[in-house]
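Worksheet for the structure shown next.
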Amino acid sequence: MTTVKVVRDILEANDRLAAENRRRFDEAGVHVVNLMSAPGAGKTTLLERTIAGLGRELRIGVVEGDIQGSQDAERIERAGAVAVQINTNGACHLDANMVASAVAELDLASLDLVVVENVGNLVCPAEFKVGEHAKAMILSLPEGDDKPAKYPLMFHESRVLLINKMDLAPHVSADPERIERDARAINPQIEVFRVSASTGEGLEGWYDWLRALHRA
């Protein structure tokens, strides 16, 4: 019983900080997306494409979450967006306090959209709010079509699912139809885009979703 209480207290404390982050974002007029996936699914490549595709319309900032290193933040800056790096030194997710510290380094008034690129993990990031307006997730096709059944919380919490690496469809056995069907069984409201971040295939739907979020 003590363990359950401790976990509950941690999540409740995080939720209070997340609400404060959200208030700060709303006051600045900036929309925030919490982007989640397993390692290697293509989050950074997707963001590079997004910055190239929307950079003239939306002023984009990125909070980069990694256990170690700053390679992804460096890629984001080369793509043309401002980036702040968070190294968790072992933690498998970002929480509201980490994001608050990173956001303090951003001039929110100069941005329209902030994307929090969470630590690569299909479990923990879905449990922790960071003050975002929406959660989005990437599942790369080579990861397999059994992932919604194995990691339902991630799909339940996300408003958007990007099935990435569709250019590899001829070379893998995973069925995108099954992924989409199982994801919608968990979350009937989830929006699904089949994309290739490396080629640009299918990304216009994702861009339109971000435009709509910004207008909301």
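Values quoted throughout were computed directly from the atomic coordinates according to the rules given, and no laboratory measurement underlies them. Just so we're clear, the structure is a prediction, and the values are computed from it rather than from any experiment. Quick reminder, even Gly has a Cβ in these numbers, built from the backbone with ideal geometry, and neighbours come from all protein chains shown.
Given springs between every Cα pair under 10 Å in a Gaussian network model of the chain, which of ARG59, ARG194, ARG78 has the largest fluctuation?
ARG78
Could I have the simple spin-label model distance between ALA212 and ASP146, label points 7 Å from Cα toward Cβ, reported in nm to one decimal?
3.3 nm
Provide the gained length on full extension for the span ARG23 to SER70, in nm with one decimal, where the gain is 0.36 nm per separating residue minus the Cα-Cα distance.
Values: separation 47, 0.36 × 47 = 16.92 nm, distance 2.84 nm.
Separation in residues times 0.36 nm, less the Cα-Cα distance, equals 14.1 nm.
Would you look at the GNM of the chain, springs on alpha carbons closer than 10 Å, and say which of THR88, THR44, THR199 moves the most?
THR199
Could you work out [θ]222 nm for the chain from helices alone, using -39500 (n - 2.57) per DSSP H run of at least four and dividing by all its residues? Round to the nearest 500 deg cm²/dmol.
Details: 8 runs with 90 residues, N = 216.
Rounded to the nearest 500, it is -12500 deg cm²/dmol.
From Cα pairs below 8 angstrom and at least 6 apart in sequence, can you work out the relative contact order of the chain, rounded to a whole percent? Don't skip to the end; give the middle numbers.
On the way: 410 pairs, mean separation 51.9, N = 216.
Normalised by residue count, the contact order of the chain is 24 percent.
Put a dot 7 Å past each Cα toward the Cβ at GLU204 and ASP175; how far apart are the dots in nm?
My value for the distance between the label points is 3.0 nm.
How large is the direction-averaged shadow of the alpha-carbon convex hull of the stretch 16-125, in nm²?
Values: hull surface 25.3 nm².
About 6.3 nm², averaged over all directions.
Give the total of Lys-Lys pairs in the stretch 2-215 with Cα-Cα distances below 18 Å; include a pair only if its members are 8 or more places apart or on different chains. Don't jump to the answer; show the numbers that get you there.
Details: LYS43/LYS135; LYS43/LYS147; LYS43/LYS165; LYS135/LYS147; LYS147/LYS165.
Lysine pairs meeting the criterion: 5.
How much FRET efficiency would the formula 1/(1 + (r/R0)^6) give for ARG78 and ASP167, where r is the Cβ-Cβ distance and R0 is 30 Å, rounded to 0.05? Mind showing how you got there, number by number?
Details: r = 23 Å, r/R0 = 0.77.
Calculated transfer efficiency: 0.85.
Is the C-alpha gyration tensor of the stretch 2-215 telling us rounded, prolate or oblate? Criteria: a/c under 1.5 is rounded; beyond that, a/b larger than b/c is prolate, otherwise oblate. Don't skip to the answer; put the middle values down first.
Details: a/c = 1.58, a/b = 1.14, b/c = 1.38.
The shape class here is oblate.
Report the antiparallel proportion of the DSSP beta bridges in the stretch 2-215 as a percent, rounded to a multiple of 5.
Values: 0 of 30 bridges.
That works out to approximately 0 percent antiparallel.
List every residue whose amide H lies under 5 Å from the amide H of LEU94, counting only residues 5 or more places away in sequence or on a different chain, with H placed 1.01 Å from N in the peptide plane.
Under 5 Å from the amide H of LEU94 lie the amide H atoms of VAL119, each far enough along the sequence or on another chain.
How far, in nm, would the chain grow between GLU12 and CYS92 when pulled straight, counting 0.36 nm per residue and subtracting the alpha carbon separation?
27.0 nm
So, in Å, what gap is there between the alpha-carbon centers of the stretch 144-182 and the stretch 60-113?
Taking the Cα centre of the stretch 60-113 as reference, the centre of the stretch 144-182 is 26 Å away.
Scanning the chain for GluC sites (Glu not before Pro) in DSSP loops with at most 13 other Cβ atoms within 10 Å, what's the longest stretch left with none?
Working: sites that count: GLU57, GLU105.
My reading of the result: 106-216 is the longest stretch.
For ASP72, ASP107, ASP175, what ranking results if the residue with the fewest other Cβ atoms within 10 Å of its Cβ goes first? Numbers along the way, then the final one.
On the way: ASP72 21, ASP107 10, ASP175 14.
Ranking ASP72, ASP107, ASP175 by Cβ neighbours within 10 Å, fewest first, gives ASP107, ASP175, ASP72.
Could you compute the FRET efficiency for LEU153 and ALA100, with r as their C-beta to C-beta distance and R0 at 22 Å, rounded to 0.05? All intermediate terms of the calculation are to be shown ahead of the outcome.
Working: r = 23 Å, r/R0 = 1.06.
Efficiency computed from Cβ-Cβ geometry: 0.40.
What does the charge count near VAL114 come to, summing +1 for each Lys or Arg and -1 for each Asp or Glu among other residues with Cβ under 10 Å from its Cβ? It would help to have the intermediate numbers written out before the result.
Working: positive: ARG59; negative: ASP112, GLU132.
Taking every Cβ under 10 Å from that of VAL114, the sum is -1.
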